[in-house]
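The values are calculated or read from the model by the stated rules, or taken from the named source; none is laboratory data. Only a predicted model underlies this, so the values are computations on that prediction, with no experimental measurement involved. No Cβ is skipped: glycine too gets one built from the backbone with ideal geometry, and neighbour counts run over all protein chains shown.
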Amino acid sequence: MSHHPYISVVIPVHNEQEVLEELYSRLTQALDKLGKSYEIILTNDGSTDRSSEILQELHKRRPDQIRVVEFNGNFGQHMAIMAGFERVRGQIIITMDADLQNPPEEIGKLVEAMERGHDVVNTYRQNRQDSWWRLQVSKWHNRIRAWMMPKLKMKDEGCMLRAYSRSIVDLMASTGESATFIPALALTYAANPTEVGVAHAERQAGTSSYNLYGLIRYNFDLVTGFSVFPLQVFTMIGLLISLCSFAFVVFLILRRLIHGPEVEGVFTLFAIMFFLCGIVLFGLGIVGEYVGRIYQEVRKRPRFVVKHVLEKPLVEEVTNTFQDARSN
């Protein structure tokens, strides 16, 4: 590759051995049809199957266009994308999952939107091929997210097929955050974002990397990373309960003065106390989420550890290295 590519496609890979061959075939065909120079960066996020071996084989087939980043463990989907962002050479950067639920043939729509002057192109899945419960969870989650974070204009935050300008990607890569949510982070920097609809297909093989716990953590990253809404809500709840508690104490004092000592209502008082204790514990949990993320950031530990990178350097990079060697 004697020049910088026009398009960079960044794909996180985690235990996707069943689909990598088809992904390679369909993705390269779709990009070849665009008639523009491109590169594909595949980040192996600690796969335990044969994904690493297959990625090495794909790199050998097209060393000029396919680059492989190998993690030494599992650091998560968004960190795998960030590792690709730190190494992209193109001007238009596409992200997508490896499971082929978002067809590579849809990339052309994103490139067209970018060439119309948009710096971020988000997508929403049309005619989703997911299970009923997942559709309902996604539907209500998008509504709650829109209510909590109205500034983040996304119809479908779960679709990873997106496009970003190089300037936006450079800004995201420079943040150095230990935990983040890439689509939301991109919107905070975007000047002219847009959305397009893309096709969606059933998962052909393997299982989703997001179990119930993973989805919960995924949403914690989004909410705590881009909103203080939970803290504000809890503050208002705490204020309301405090006012109600004060009014109740005044009522009990007046009742005691009027009727004298009573033993009735002991269990009611216990129930109120347990309720208030539950509210306090819930609030501590919310605060703990934010404090935990602050703790992760101040430690300054590496976000991910790269074992090795398979790539063919640009001619410019080889020339610069040769010139530096001669000057020394």
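Out of everything in the stretch 6-43 that is polar (S, T, N, Q) and buried (at least 24 other Cβ atoms within 10 Å of the Cβ), what residue ends up being farthest from Leu314 (Cα to Cα)?
Thr43
Taking the stretch 167-182, which residues are small (Gly, Ala, Ser) and either touching a Lys or Arg at 6+ places or on another chain (Cβ under 8 Å) or within 11 Å of Val120 (Cβ to Cβ) (or both)?
Ser167, Gly176, Ser178, Ala179
Please pick out the residue among Ser208, Ser167, Ser138, Ser242 that is at pLDDT 75 or above and more than 12 Å from the chain's Cα centre (by Cα).
Being at pLDDT 75 or above and more than 12 Å from the chain's Cα centre (by Cα) holds for just one of Ser208, Ser167, Ser138, Ser242, which is Ser167.
Could you name every one of the strands (runs of 3 or more DSSP E) located completely within the stretch 29-140 that has at least 1 residues being farther than 28 Å from Lys153 by Cβ, in contact (Cβ under 8 Å) with a residue 12 or more places away in the chain and of a type outside the set (D, E, K, R)?
Qualifying strands (runs of 3 or more DSSP E): 38-44, 66-71.
Yes or no: the stretch 254-269 includes at least one residue that is at pLDDT 75 or above, farther than 30 Å from Tyr38 by Cβ and surrounded by 10 or more Cβ atoms within 10 Å (Cβ to Cβ).
Within the stretch 254-269, one or more residues are at pLDDT 75 or above, farther than 30 Å from Tyr38 by Cβ and surrounded by 10 or more Cβ atoms within 10 Å (Cβ to Cβ).
Collect the residues in the stretch 4-28 that are assigned to a helix (DSSP H, G or I), more than 24 Å from the chain's Cα centre (by Cα) and not basic (Lys, Arg), keeping them in residue-number order.
Glu21, Glu22, Ser25, Thr28
Among the residues of the stretch 20-51, which ones are out of contact with any Phe, Trp or Tyr (no Cβ under 8 Å at 6 or more places or on another chain), polar (S, T, N, Q) and either at pLDDT 95 or above or under 18 Å from Met96 (Cα atoms) (or both)?
Ser25, Thr28, Gln29, Ser47, Ser51
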